[in-house]
1. Restricted to the range 3-18, and to residues that are out of contact with any Ser or Thr (no Cβ under 9 Å at 6 or more places or on another chain) and of a type in the set (A, V, I, L, M), which residue is modelled with the lowest pLDDT?
2. State which residue is farthest from the ligand (Cβ to nearest atom) when the search covers only the range 236-256 and only residues that are assigned to a loop (DSSP other than H, G, I, E, B) and in contact with a strand residue (DSSP E or B) (Cβ under 9 Å, 6 or more places away or on another chain).
3. Restricting the search to the range 162-197, which residues are in contact with a Lys or Arg (Cβ under 8 Å, 6 or more places away or on another chain) and surrounded by fewer than 22 Cβ atoms within 10 Å (Cβ to Cβ)?
4. How many residues does the range 96-130 hold that are crowded, with 23+ Cβ neighbours inside 10 Å, aliphatic (A, V, I, L, M) and within 25 Å of Gln56 (Cα to Cα)?
5. Among residues belonging to the range 1-43 that are among the polar types (S, T, N, Q) and touching a residue at least 60 places away in the same chain (Cβ under 8 Å), point out the one that is nearest to Arg132 (Cα to Cα).
6. Just one of Gln190, Gln233 is at positive phi, within 9 Å of the ligand (Cβ to nearest atom) and at pLDDT 95 or above; which is it?
7. If you go through the range 47-67, how many residues are assigned to a helix (DSSP H, G or I), buried (at least 20 other Cβ atoms within 10 Å of the Cβ) and within 15 Å of the ligand (Cβ to nearest atom)?
8. Out of Glu183, Glu195, Glu176, Glu153, which single residue is assigned to a loop (DSSP other than H, G, I, E, B) and within 18 Å of Gly8 (Cβ to Cβ)?
Amino acid sequence: MPTIALRGAVDIPQLGFGVFQVPPDDTIEVVLRALQAGYRHIDTAAAYGNEAQVGQAIRASGLSREDVFVTTKCFNDDHGYQQARNAFKDSLERLELNHVDLYLIHWPVPAHDRYVETWRAFIELRDEGLVRAIGVSNFQPAHLRRIIEETGETPAVNQVELHPYHQQPGLRREHEEREIVTEAWSPLAQGGVLEDPVLTTLAREHGKTAAQIVLRWHLQLGNVVFPKSVTPQRIEENIDVLDFHLSAREMEQIADLDRGERIGPDPDTFVRP
Ligand SMILES: NC(=O)c1ccc[n+]([C@@H]2O[C@H](COP(=O)([O-])OP(=O)(O)OC[C@H]3O[C@@H](n4cnc5c(N)ncnc54)[C@H](OP(=O)(O)O)[C@@H]3O)[C@@H](O)[C@H]2O)c1
C-alpha cells in the first residue's frame, strides 16, 4: 500500500477504511474484516459513535498499534480551546489508545467562529505527543488561510467531499500550493457515481468494477481515500486497486465528469445534522 508523508514526517497509508454510518454493533466485525483484508488505516470520528468498537477491533486483530493508522475527529459542539482538549481526551478513552495518528477538526462551523482556538488546542496536543499529525476537514480556502495566518501552523490534511461529480479543482490547487494532503470523503459519492456510463465503460475495459476505477482515479490524483462498506465482498474489492493503471486520457475522461455537485452539507453553513 503506498503511503504519503504528512508534513514530511508521518506516513499515512493512501487507502484506508471509513466507518461513518457503520452501526456500533457491527463495527468490531466490519473493522476486523477490513484489517484482515489488508487495510491499515481507519477513519472514524467522535460523531460516528463507534470509536470504542474501532479500538476493540484493532486490539482483537492482533496487529501491533504501530501497524494501524487511526484518524478521529473533534465534532462541532466541541470547538473552543478547553472543549477541544476535553473532547480529545474522551475520544482517546473511548478508543482505549495512548495516541491517535491523525486528529481533525470535523467542520469549521464559521457560525461559532471558534475554529482558530480549536486549532491552537490541536497544536498543543500534537506537541505533547498525543497526536502524531493534525489536520482539518471541510475547510474552505478562507478557513485554511485564517488558521495558518493566525497560528503559523499549516494543517497536514484537509478532508473534504471529493468524487467524480464533485472534484474541487480550486481547493485541490490551494492544497498543493500549501503542501496540504487532500483526503477525499465519500470517494464513491456513497455509490452515486457507480452507474455512470464513462465509469462502467472504463470498468469493462480494465476488467474491474466502477468502484475500483473511481478509487484508482483518486490514488493517481494523489488523494488519500477511505471507502466505507459493510459488505465483505466490497471490502475486499475496494482495496484491490493496486494492480492496474489509468492512462492520462482515462484520467481526463473522469475529470470531465465534474458537476460541482455536493451530496453533503455546505461547509460554510453546516452546524449540526
Ligand atoms: N469528514 C467528513 O465530514 C466526512 C463525511 C462523510 C464521510 N467521511 C468519511 O469518508 C468515508 C467514506 O465516505 P462514505 O461512507 O460517506 O461514502 P463512500 O465510501 O463513498 O460510499 C459508501 C457507500 O457505497 C457503498 N459501496 C462501497 N463500496 C462499494 C462497491 N465496491 N460497490 C458498490 N457500492 C459500494 C456502501 O455500501 P455497503 O456499506 O452497503 O456495502 C455505502 O453505501 C466515511 O466512512 C468517513 O470515514 C467523512
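The values are calculated or read from the model by the stated rules, or taken from the named source; none is laboratory data. Keep in mind the model is a prediction, meaning the values are calculated, not measured. Positions of Cβ are generated from backbone atoms using ideal geometry, with glycine treated the same way; all protein chains shown enter the neighbour counts.
1. Ala9
2. Among those that are assigned to a loop (DSSP other than H, G, I, E, B) and in contact with a strand residue (DSSP E or B) (Cβ under 9 Å, 6 or more places away or on another chain), it is Leu242.
3. Tyr165, His166, Glu179
4. Of the residues in that region, 4 qualify.
5. Within the range 1-43, the match that is nearest to Arg132 (Cα to Cα) is Gln14.
6. Every option except Gln190 fails the conditions.
7. Of the residues in the range 47-67, 5 are assigned to a helix (DSSP H, G or I), buried (at least 20 other Cβ atoms within 10 Å of the Cβ) and within 15 Å of the ligand (Cβ to nearest atom).
8. Glu153
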